[in-house]
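Note sheet for the following structure.
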Amino acid sequence: MTPHVEPDPQAGAAVKAADRAHVFHSWSAQGLIDPLAVAGAEGSYFWDYDGNRYLDFTSGLVYTNIGYQHPKVVAAIQEQAGKLATFAPAFAVDVRSEAARLIAERTPGDLNKIFFTNGGAEAVENAVRMARLHTGRTKLLSAYRSYHGATSTAINLTGDPRRWASDTASAGVVHFWAPFLYRSPFYATTEAEECARALQHLEDTIAFEGPQTIAAIILESVPGTAGIMIPPPGYLAGVREICDRYGIVLILDEVMAGFGRTGRWFAAEHFDVVPDLLTFAKGVNSGYVPLGGVAISEEIAATFDKRPYPGGLTYSGHPLACAAAVATIHVMEDEKVVEHAAHIGETVLGPGLRELAERHPSVGEVRGLGVFWALDLVRNKETREPLVPYNAAGEANAPMAAFAAEAKKNGLWPFVNMNRTHAVPACNISEAEAKEGLAALDAALTVADRHT
Ligand code: PMP
């Protein structure tokens, strides 16, 4: 893949200058950032105005599941714009109905009704509102080491340091520890022990909070941003059983893990668990137009059969976003993208990353599925001390910054979060591209090794 534009550093400088003057960036100290000016993108690559090309191992923010500029999705958006660019949510619109049907048919169990939002956080907000109204209860349980979005309740549910600044926004959120054997909160040494202790801990949390006060438990089927921790066998099924026993709604957040990322349409399928509510966004249309939503069980949907659902969004089920979703789902079927993601994980990324872990002292653990992988970087493989301290910034984060800089020098755009790098490319990344990414990671890990 070669860049389609000639290098034009002057144009890049102008884009950057306007950005720095007027764009207020997410999660950033505005005066300290230096965003790359992007000139174009296609498939698994993007390039800057200086002619540098990068293999995107981040899929944007883990959402371009079919890569950039897929011609069929671009054409579908263009066609829809010419036909009916927008229409308010109270009306039945062909492309909206079709997107809902295609999504409902692929979500597990009887999640047959789709409430559309503009992204993941709004999906989480609406899922918890539905759970609260359905149960008549208010409390919400969510996991430490999780990410659920940056709106008020979603950030409150999130279990990472970005919550700290605003975590009194929503009342009634209680955090618990979900299983993570490599850094076990329960001092377990086997998957079975971790699973049993995590379920007991959840039971205890519920008992002390009062089961009759808890509306919902929300979990990412496979937690993403917090480190791609695959739940041990039996954990999600155990949580499902606990929810059933206490009349608690189970919300599985598949905003990141859904739509092919783990080599299945939804990550919950790996564990044979059907939630009451499933949140999605990102991969539903590869983010070509903002779209998210909640897939709702028949039982919860019935709560709002005769009683209005008190929630809505001006752009719910936006025709351009739905056209992109319909086209994306067809592309995923026609090009067998979900199967491909599973295959690349099993044959290239999994073995390749494990091989890197054997050779590099800085790689403590490799974990993942499909095109959803994390390398847990450490100072010491024995003690598992993270390569940088939790929530490190500035000088304390220098080893991870050096790792990222070396990856970029080798043409790879890496996902970096705390002491981890995630290999989360497009689901349709080719074998050759995945191998190219592994080679660049190899070079970057050599830099990380210097800090062990
Ligand atoms: N839930 C999960 C699991 C996510 O990964 C994210 C985004 N990274 C969100 C919710 C929030 O989605 P959005 O940024 O579209 O609001």
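Just so you know, all these numbers are worked out from the coordinates, no wet-lab data involved. Computed from a prediction, not measured in an experiment: that's the story for all the values here. Cβ placement follows ideal geometry from the backbone for every residue including glycine, while neighbour counts extend to all protein chains displayed.
A few comments on the model shown:
- A straight line joining the Cα centroids of the stretch 165-181 and the stretch 427-444 runs 35 Å.
- Alpha-carbon centroids, the stretch 266-342 and the stretch 53-71: separation in whole Å: 20
- Model label sites at R384 and T86, defined 7 Å from Cα along the beta-carbon direction, differ in position by 5.0 nm.
- A cut-off of 5 Å between modelled amide H atoms, ignoring neighbours fewer than 5 places along the same chain, links L412 with L55.
- Classified by the C-alpha gyration tensor, the chain has an oblate form. Its axis ratio a/c, with a ≥ b ≥ c, is 1.5 or above, and a/b does not exceed b/c.
- Amide hydrogen neighbours beyond the local backbone of T117, cut-off 5 Å, H modeled: G292, G293, V294, G317
- A DSSP coil position with no more than 15 other Cβ atoms inside 10 Å describes the following GluC sites (Glu not before Pro) in the stretch 292-374: E335.
- Converting phi to 3J(HN,Hα) with the Karplus coefficients 6.51, -1.76 and 1.60 and the offset θ = phi - 60°, the stretch 264-278 yields 9, 4, 10, 5, 4, 4, 4, 10, 6, 10, 10, x, 7, 9, 10 Hz in sequence order, with x at every glycine or proline.
- Under 5 Å, built H, 5+ apart or other chain: amide partners of A39: W47, D48, Y49
- In Hz, Karplus ³J(HN,Hα) per residue of the stretch 189-195 (6.51, -1.76, 1.60; θ = phi - 60°; x = Gly, Pro): 10, 10, 4, 5, 5, 4, 4
- Taken one residue at a time, the phi angles of the stretch 82-97 give Karplus couplings (6.51, -1.76, 1.60, θ = phi - 60°) of x, 8, 7, 5, 7, 7, 4, x, 6, 9, 7, 10, 3, 6, 6, 4 Hz. Gly and Pro are set to x.
- When T86, T151, T107, T262 are arranged by Cβ crowding within 10 Å, least crowded first, meaning fewest neighbours, the order is T86, T151, T107, T262.
- Using the Cβ-Cβ distance between K72 and Y187 with R0 = 45 Å, the FRET efficiency computed as 1/(1 + (r/R0)^6) comes to roughly 0.35.
- Separation of alpha-carbon centers, the stretch 365-380 and the stretch 87-123, rounded to whole Å: 33
- Net charge, Q69 excluded, C-beta distance under 13 Å - Lys, Arg +1, Asp, Glu -1: -1
- With at most 13 neighbouring Cβ atoms within 10 Å, loop chymotrypsin sites (Phe, Trp or Tyr not before Pro) (DSSP) excluded, longest segment of the chain: 188-389
- With the helix formula -39500 (n - 2.57) applied to DSSP H stretches of n ≥ 4, the chain reaches a computed 222 nm mean residue ellipticity of -11500 deg cm²/dmol.
- Label-point separation in nm, A14 to R307, each point 7 Å along Cα→Cβ: 5.8
- In whole angstrom, the stretch 71-334 maps to an equivalent ellipsoid with semi-axes of 32, 20, 16, each derived as √(5λ) from the alpha carbon gyration tensor and ordered largest first.
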